[in-house]
Ligand code: OGA
Ligand code: NI
């Protein structure tokens, strides 16, 4: 039996199988979840367990290296690579997050036109030569989750009453970021201001999170003004709306605060995928059913918005910006 949770669990099998009735039904379920708690689980998501197992395996092996070794792939200005403990501080948080993470994005060559033009966050990944097994396993996961994310957005579109292909042309060269995250056990003397991840909302459109069996993710429920657990549900991804999709829907969808406290005394691993559009895709609420009279947000390029949010939260980027090397 899955654990009791107030976050809806949505069966995604029919959508992945291309069943039109399932797309409409799941679209409505997703719409309900996104306009209320802003979080849901998907099960039967179609990403092969072997792909997930391989990614989990390399995550555990990678973070087991000494920090000096991991720093050989220290995060670069394209936001690719390793972030040590203390590199990320969520806005308003008193202390940096108690986590390490490793980020990858869409693999683009140096001679790609957007890379040549200096488009921020774009380029090749920062793969470790000391661990050749990482690349195929993590990039295999990256691609498999992308395919699930594309189907997820078909259901989101159906739920919003627009063409199910609305998002596809806006994702042709996606800004997807996938991060393996490692949460060491928090020291027992940690005070209430120490989090694995401090309360935050995600920046982009939609997040698909794989988490191990340890638990620690919590979601802010507005209706009751409380934190509710998002416990591990075997075979699931946790999905949530980010700020950019909330903006795209003129705030009909809710980008909900969430946090991680790893009080388990054990190591915790997760893999978060921020499934985000092409850099130049215009996020205009009028294209998702908002009238001119209700419009709260002017159109913004997806990449400009995401870059601004990453620049604000990543300490390493502030240092780079001072040195004048931020792309
Ligand atoms: C994040 C996040 C949750 C987790 O990386 O934005 O909320 O369980 N992660 O790792
Ligand atoms: Ni998050």
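Note on the chain: Kirkwood radius taken over Cα pairs, Stokes-Einstein applied at 20 °C and 1.002 mPa s, translational D equal to 107 µm² s⁻¹. By the count of other C-beta atoms within 10 Å, a proxy for reagent exposure, 34, 148, 205 are ordered fewest to most as 148, 34, 205. Computed over region 13-323, relative contact order equals 22 percent, with contacts defined as Cα pairs under 8 Å that lie 6+ residues apart.
Using a simple spin-label model with pseudo-atoms 7 Å out from Cα toward Cβ, residue 263 and residue 115 lie 4.5 nm apart. Centroid-to-centroid, using Cα positions, region 2-80 and region 235-251 are 13 Å apart.
The numbers here are math on the coordinates, done by the rules we state, and not lab data. Fair warning: this is a prediction, and the values are worked out from it, not measured in the lab. For neighbour counting, all protein chains shown are included, and Cβ atoms are generated from backbone atoms with ideal geometry for every residue, glycine included.
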